[in-house]
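The values are calculated or read from the model by the stated rules, or taken from the named source; none is laboratory data. Here the structure is a predicted model, which means the values were calculated and not measured. Note that each Cβ is placed from the backbone with ideal geometry, even for glycine, and that neighbours are counted across all protein chains shown. Note: areas computed on protein heavy atoms with side chains; ligands, DNA, RNA excluded. Shrake-Rupley method; radii C 1.70, N 1.55, O 1.52, S 1.80 Å.
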Amino acid sequence: MALNSPVFPIPTGSLLALGALLFCIGLFGALTRRNLIIVLVSIELMLNAANINLVTFSRLGVNPSLAGQVFSLFTITVAAAEIAVGLALLLAIFRLRKSSEVHDLNVHKW
Amino acid sequence: MNFVWNGPMIAFYIIALGVLGAAVLMLSVRKVVYMALSIGGVFIGAAAIYILLGAEFVAVAQILIYVGAITILMLFAIMLTNHKAEEPPFQWTGRNIFAAVGSVLMAVVLLAVIRSTAWPVQPADVHLNAGNSNPVAIGLVMFKQYAFPFELVSLVLIVGLVGAVILAQERKEDE
């Protein structure tokens, strides 16, 4: 068993660029899609982009540590809780209004 | 920046292209079920990138939670709601133009900043795991250094799940 996992020198800029592009794709999806599920999926995409950045940064810095990886684990947990509550809200709204479109959720609009 | 074309680099670029392709595919297909399936591709690709970065535990947690739980939960939500839902074809309304311009602008700014910053090259002799395997090292750090946040996040999780059950159950007030 390899005790020290192999370290591949993938350039940091490429990883961060991947995270940035994923974040912007998710942002565009969250802003333009009309189905509520897809808006939630796009938010998950943005969280995933942030996770890639966290894992990337965990090996840089003055004293590289596992803090980034542990933080990304916490982020994954919070994302799981978020998607559970979001989908429960979606089900409740669908039962009330028979629709999962964002445009039909303007009940509180004045 | 000098590129070294070895195996992991080629693998990284293929995986990155796959991830971005799946993300674009998610926004371009119109059936909601296909969108939920293509986001699964993004999650698996991100897990592969974590493995390339030496974060095996995060990769396995990503597959277990994102691919195993979140994607399936989304499919359940799609089935329970309007499962024939289709996105209307994309139209260049004012809001969509604003969103597209904002996203592209943000991507350009972020990429410019990333490109103009001199990132430190990671030292080859970095020992993140301190001699242990990655899950052992993460467990040691998690329970020694981050024990209190770990307990707090479990509280968040249980509150979230109980709240989800309460929100999703049938209302009985109209009987």
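Below are the figures for this structure:
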| read-out | value |
| --- | --- |
| Radius 15 Å from Cβ of residue A:77, net charge of other residues (Lys, Arg +1; Asp, Glu -1) | -3 |
| Chain B, accessible surface, carbon-and-sulfur percent (1.4 angstrom probe) | 73 percent |
| Per-residue ³J(HN,Hα) for segment A:48-54, Karplus 6.51 cos²θ - 1.76 cosθ + 1.60, θ = phi - 60°, Hz, x for Gly and Pro | 5, 4, 5, 5, 4, 5, 4 |
| Inter-part distance where segment B:35-78 and segment A:30-95 are each reduced to a Cα centre, Å | 11 Å |
| Spatially near lysine pairs across the protein assembly as shown, Cα under 30 Å, sequence gap of 8 or more or different chains | 9 |
| Mean projection area, nm², convex hull over Cα of chain B | 15.8 nm² |
| Most mobile of B:26, B:35, B:79 in a GNM of chain B (Cα contacts under 10 Å) | B:79 |
| Inter-chain shielding of B:48-61 (mean C-beta neighbours from other protein chains, 10 Å cut-off) | 6 |
| Peptide-level mean, for B:145-152, of C-beta atoms on other protein chains within 10 Å | 2 |
| Unit Cα scatterers, Debye sum, the protein assembly as shown: log10 I(q)/I(0) for q = 0.07, 0.08, 0.15, 0.16 Å⁻¹ | -0.29, -0.38, -1.19, -1.30 |
| Around residue B:90: net Lys/Arg minus Asp/Glu count, Cβ-Cβ under 13 Å | +2 |
| Calculated [θ] (222 nm, deg cm²/dmol) that DSSP helices of n ≥ 4 give over the protein assembly as shown, each run adding -39,500 (n - 2.57) | -23000 deg cm²/dmol |
| Residue-normalised accessible area of the protein assembly as shown, given per residue in Å² at a 1.4 Å probe | 53 Å² |
| Shielding of B:24-30 by partner chains, average beta-carbon count, 10 Å | 3 |
| GNM result for chain A, Cα springs below 10 Å: residue of A:30, A:50, A:92 fluctuating most strongly | A:92 |
